[in-house]
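One structure is given here, and the rest of the page talks about it.
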Amino acid sequence: MKKKLIVVAGPTASGKSTLAVSLCQKLGGSVISCDSMQVYKNLDIGSAKITPEEMGGVRHYLIDVADPKDPFYVARFQALANEALSDIYSRNELPVLCGGTGFYINSVLYNTDFTEEGKDESLRQKLSEFASEHGNHALHEKLKDIDPVSYETIHENNIKRVIRAIEYYEHTGEPISAHNEAERKKESPYDFVFFLLTDDRQKLYARIDRRVDAMVSAGLYDEVKRLYDLGLRQNDISMQGISYRQFMDCIEGKATFAETVERIKLESRHYAKRQMTWFRRQEGAIVLNRTACGGTDEGVLDAALRIISERGFCD
RNA sequence: GCCCAGAUAGCUCAGUUGGUAGAGCAGAGGACUGAAAAUCCUCGUGUCCUUGGUUCGAUUCCGAGUCUGGGCA
């Protein structure tokens, strides 16, 4: 018998956190946040982290579990999320995976295998230098013999992917394309309902703009400045998040305050678009369009609860 | 009022020695399996301001007009 869980996914500013909390309150659950930025401590305003009040007494996992100076990545996320799942199941509660990082959600939902080997910073460094010295094309050519499938599939300018493919081969002797192919075929070990929150594009974009303005009013600049003063810089993974990156530039005088705010809005829109592209291919996703649900949190919640009940998911 | 410079894609502009035009940004679509808020790929027809003229042919040259900058009064 597969264990049950609910997923609440969607682009930034689509109302995921609110729905997840409400579902937990109604159904007796806890939230596992699937967000690559909210895992970091002290990234509160800019990551749109849920506040203790907003949690409404619902337990939240995977928030504030990493130091901004430490690199965090899927494999770590997956391990912690699996611990959280056991914890939630042991209390006979329903886990609600909620977040905008599709890659993280899938790592748990399909139990992606990351155990075979680790990452190799020095090799990555070496390959990266090779690329800047000899060009992306030359680096890409290295793939030709060891992994012809990846050679065809991965664009030569996508050096992160090219590096990873080479790294994987170096450590396992197998092409990463074969590994990925196998992982893609996996069936989820869970019995789940996948909610995909969306809204009409224009409305979503307008909500993003408003939210960025609200973040700025709430003291976003000071938050980033504090991190900057702690020694965090653009090359720290935690500072690659939208808002942090742009304000780092502002602090260093590379952009004006007004330009920075506009930039953040723009990058957030682009991000939302990428998220939609990722989630759209999710098999069996139930799309909840906010406007179609009446444009309110209550409307979205009602729609979600109706589907859960129709499916007899939580009898 | 006079003089000068502009007027080309949603925006900023390039260009056409006269044969109806192309970049960046925006926007749209897509990929992604140990950096993922990261990284990467694809997509550009628009009265070339209006109107006369010259010409086989004008967005391009010439004249007039309109608008927008700037300067002089």
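The values are calculated or read from the model by the stated rules, or taken from the named source; none is laboratory data. What you see is a predicted model; the values in this text were computed from it and never measured. Methodologically, a virtual Cβ is constructed for each residue, glycine included, from the backbone with ideal geometry; neighbour enumeration extends over all protein chains shown. Surface accessibility is based on the protein's heavy atoms, side chains included, excluding ligands, DNA and RNA. Shrake-Rupley method; radii C 1.70, N 1.55, O 1.52, S 1.80 Å.
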Hey, does region A:188-197 have a residue that's modelled with pLDDT of 95 or more, crowded, with 19+ Cβ neighbours inside 10 Å and either farther than 29 Å from A:Ile6 by Cα or within 9 Å of RNA strand B (Cβ to nearest atom) (or both)? no
Looking at the structure I just gave you, is A:Val261 assigned to a strand (DSSP E or B), within 15 Å of RNA strand B (Cβ to nearest atom) and within 24 Å of A:Thr101 (Cα to Cα)? no
Which count do you get for residues in region A:31-64 that are away from RNA strand B (no atom under 13 Å from the Cβ) and touching a His at 6+ places or on another chain (Cβ under 7 Å)? 1
Residues (within 7 Å of RNA strand B (Cβ to nearest atom) and under 17 Å from A:Glu141 (Cα atoms)) located in region A:169-181: A:Ile176
Region A:229-254 - residue that is in a helix (DSSP H, G or I) and within 11 Å of RNA strand B (Cβ to nearest atom) and, of those, surrounded by the fewest Cβ atoms within 10 Å (Cβ to Cβ): A:Gln240
How many residues of region A:198-222 are without any contact (Cβ under 8 Å) to a residue 40 or more places away in the chain and more than 10 Å from RNA strand B (Cβ to nearest atom)? The answer is 6
Checklist (1) within 10 Å of RNA strand B (Cβ to nearest atom); (2) open to solvent by less than 70 Å² (accessible area, probe 1.4 Å) applied to A:Arg184, failing item: (2)
Exactly one condition in (1) over 23 Å from the mean Cα position of the chain (by Cα); (2) open to solvent by 20 Å² or more (accessible area, probe 1.4 Å); (3) more than 10 Å from RNA strand B (Cβ to nearest atom) is false for A:Asp67; which is it? (1)
Those residues that are at pLDDT 95 or above, over 20 Å from the mean Cα position of the chain (by Cα) and surrounded by 13 or more Cβ atoms within 10 Å (Cβ to Cβ), I need them from region A:91-128; list them, please. A:Glu93, A:Leu94
Just checking, which of A:Lys49, A:Lys2, A:Lys16 is within 29 Å of A:Arg184 (Cα to Cα) and either aromatic (Phe, Trp, Tyr) or open to solvent by less than 50 Å² (accessible area, probe 1.4 Å) (or both)? A:Lys16
Cβ-Cβ under 6 Å pairs, at least 6 apart or on other chains, region A:24-50 side closer than 17 Å to A:Tyr271 by Cβ, far side charged (D, E, K, R) and modelled with pLDDT of 95 or more: A:Gln38/A:Lys49; A:Ile45/A:Glu223
Of the residues A:Ile166, A:Ile88, only one is buried (at least 19 other Cβ atoms within 10 Å of the Cβ), more than 8 Å from RNA strand B (Cβ to nearest atom), within 30 Å of A:Phe192 (Cβ to Cβ) and touching a residue at least 12 places away in the same chain (Cβ under 8 Å); which? A:Ile88
Write out, first by first residue and then by second, each pair whose Cβ atoms fall under 8 Å of each other, whose residues are 6+ apart or on separate chains, and whose first residue, in region A:261-283, is in contact (Cβ under 8 Å) with a residue 40 or more places away in the chain while the second is open to solvent by less than 60 Å² (accessible area, probe 1.4 Å) and within 6 Å of RNA strand B (Cβ to nearest atom). A:Ile264/A:Ile242; A:Ile264/A:Ser243; A:Ser268/A:Ile242; A:Tyr271/A:Ile242; A:Gln275/A:Gly100
Which of the following residues is at pLDDT below 95 and hydroxyl-bearing (Ser, Thr, Tyr): A:Thr256, A:Thr277, A:Thr260? A:Thr256
If A:His140 satisfies every condition in (1) at pLDDT below 95; (2) surrounded by 11 or more Cβ atoms within 10 Å (Cβ to Cβ) but one, which is the exception? (1)
Listing of helices (runs of 4 or more DSSP H) fully contained in region A:78-160 that carry 1 or more residues being charged (D, E, K, R): A:121-134, A:136-141, A:143-146, A:148-153
Which one is farthest from A:Gly295 (Cα to Cα) among residues in region A:198-228 that are open to solvent by 20 Å² or more (accessible area, probe 1.4 Å), of a type in the set (Asp, Glu) and assigned to a helix (DSSP H, G or I)? A:Asp222
